[in-house]
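The values are calculated or read from the model by the stated rules, or taken from the named source; none is laboratory data. Keep in mind the model is a prediction, meaning the values are calculated, not measured. Methodologically, a virtual Cβ is constructed for each residue, glycine included, from the backbone with ideal geometry; neighbour enumeration extends over all protein chains shown. Note: areas computed on protein heavy atoms with side chains; ligands, DNA, RNA excluded. Shrake-Rupley method; radii C 1.70, N 1.55, O 1.52, S 1.80 Å.
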Amino acid sequence: AIVRDSQVFLFDEPLSNLDAQLRVAMRTEIKALHQRLKTTSIYVTHDQIEAMTMADKIVVMRDGLVEQTGSPLELYDRPANQFVAGFIGSPSMNFLPGTVKGQHVVLSDGTQLPMPTHAHASEGQKVVYGIRPEHLHIASGDEGLATEVVVVEPTGADTQVFTKIAGVEVTSVFRERHAFTPGSTIRLLPDASRAHLFDASSGQSLAI
């Protein structure tokens, strides 16, 4: 198909049956081909890593409907709704249901999270607080949220830590190496400038 110099290429999950190492190599090869040929390519995939690394523009669909269209980083930084926020990013964004009270989101156990800087909601509104794993930091002193470590997964380049906040499993990713052990307590501080807020009933973003 590439030899025939087509005007449009359609890829339908071309890498799904490859092993992990070959998949990474072919991602790079296809992107290099696209940059050289400059031919419009429509690439269908369920692998959001492929979408993020290869696309100039992503169209996220659910049940045959377009949820959001934009560049990879637009979708990552400014998801239009909770579905897009959960689909884009690996590990997935953490979602914590709560209620707006003043400048905080209060979770089911009374835990208070700082209101996301770029979001607005009405007093008493039911919301879902979204925070990506890399935007949770180790707090110093008595700051942050006391959480119990459930599982630690070192990957070499970083460490994934699974904890629980208000009964909800929360994933954190740290570039530094920490000697956490299951059952220990750590304090996590969400970055309010990177946090997201979604309406609990519609799932739509409450960004301003």
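A compact table of results
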quantity	calculated
Where the chain is the region considered: accessible area per residue in Å², 1.4 Å probe	58 Å²
Contact order normalised by residue count of the stretch 1-150, Cα under 8 Å, 6+ apart, percent	14 percent
Estimated inter-spin distance, Arg23 and Ser108, nm [label 7 Å along Cα→Cβ]	3.3 nm
Solvent-accessible area of His137 with every protein chain in place, 1.4 Å probe, in Å² to the nearest 10	80 Å²
Cα gyration tensor, the chain - rounded (a/c under 1.5), prolate or oblate	oblate
Unit charges on C-beta of K, R, D, E only; dipole of the chain, Debye	340 debye
Candidates per GluC sites (Glu not before Pro) in the stretch 119-168, loop by DSSP, up to 10 other Cβ within 10 Å	Glu123
Modelled FRET efficiency - R0 25 Å, Arg187 with Glu123, Cβ distances, 0.05 increments	0.35
In nm, spacing of pseudo-spin labels at Ala207 and Arg194 (7 Å Cα→C-beta vector)	1.5 nm
Apportionment of accessible area to carbon and sulfur, the stretch 57-190, percent (1.4 Å)	51 percent
Within the chain, longest stretch free of exposed trypsin sites (Lys or Arg not before Pro) [DSSP loop, at most 11 other beta carbons within 10 Å]	58-174
Mean projected area (nm²) of the alpha-carbon convex hull when the stretch 1-105 is viewed from all directions	8.7 nm²
